[in-house]
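Scroll down for the structure; my scribbles are underneath it.
The values are calculated or read from the model by the stated rules, or taken from the named source; none is laboratory data. The structure displayed is predicted, hence computed values, not measured ones. Neighbour counts run over all protein chains shown; Cβ positions are idealised from the backbone, glycine included.
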Amino acid sequence: MRLSVSFGPFRAAVVMAVACSTYAQSSATQVSGGTGSPATTTQAGGANSASDSHASARSPTVHQVRAAISRTPGVDMSSMAVFVHDGRVTLVGSAHTQDQIDRARAAAGNVTGVVSVDNRLFVKPER
């Protein structure tokens, strides 16, 4: 079964609505995807609770995370949004392949100060 979704001119509005909802849900507790959800939350760089307490002092910026992902070969960020709060990164949107999603998550996790990555990216269906 193939599911085809087309947002047309409302694509940006839908991505932002989902992104805002995701950001609101990912405060102090990490959200892991439920049944059927592609979302995953991973600890970045072997962070422990001692480093978590200092995350806000050296928390990366959205710009730093976006720059790291955009420097990653083969990753198209045109349909991705990045949110950062106290070292916790949330990736929202779509990519052309699962490999791009994996590379984006890895790049975000390698940024200094990132303690976790909540990956809410999905593979964009072909038209």
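In segment 68-84, which residues are free of Cβ contacts under 8 Å to residues at least 60 places away in the same chain and in a loop (DSSP other than H, G, I, E, B)? Give the steps one after another, and end with the answer.
Looking only at segment 68-84, we keep the residues that are free of Cβ contacts under 8 Å to residues at least 60 places away in the same chain, and these are 68-78, 80, 82, 84.
Result: R71, T72, P73, G74, V75, D76, M77, S78.
Looking at segment 115-124, which of its residues are among the charged types (D, E, K, R) and part of a loop (DSSP other than H, G, I, E, B)? Walk me through it before giving the result.
Quick first cut of segment 115-124, residues among the charged types (D, E, K, R) only: 118, 120, 124.
Of everything in segment 115-124, just one residue is among the charged types (D, E, K, R) and part of a loop (DSSP other than H, G, I, E, B), namely K124.
This table checks each residue for (1) in contact with a helix residue (DSSP H, G or I) (Cβ under 7 Å, 6 or more places away or on another chain); (2) not in a helix (DSSP H, G or I).
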{"position": "V89", "(1), (2)": "yes, yes"}
{"position": "S94", "(1), (2)": "no, yes"}
{"position": "Q100", "(1), (2)": "no, no"}
{"position": "R105", "(1), (2)": "no, no"}
{"position": "A108", "(1), (2)": "yes, no"}
{"position": "G113", "(1), (2)": "yes, yes"}
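Find all pairs meeting these conditions: Cβ atoms under 6 angstrom apart; at least six residues apart or on different chains; first residue within segment 100-119 and in contact (Cβ under 8 Å) with a residue 24 or more places away in the chain; second residue among the acidic types (D, E) and assigned to a helix (DSSP H, G or I).
V115/D52
For segment 25-47, state whether one or more residues are at pLDDT below 50, part of a helix (DSSP H, G or I) and of a type outside the set (D, E).
For segment 25-47, residues at pLDDT below 50, part of a helix (DSSP H, G or I) and of a type outside the set (D, E): present.
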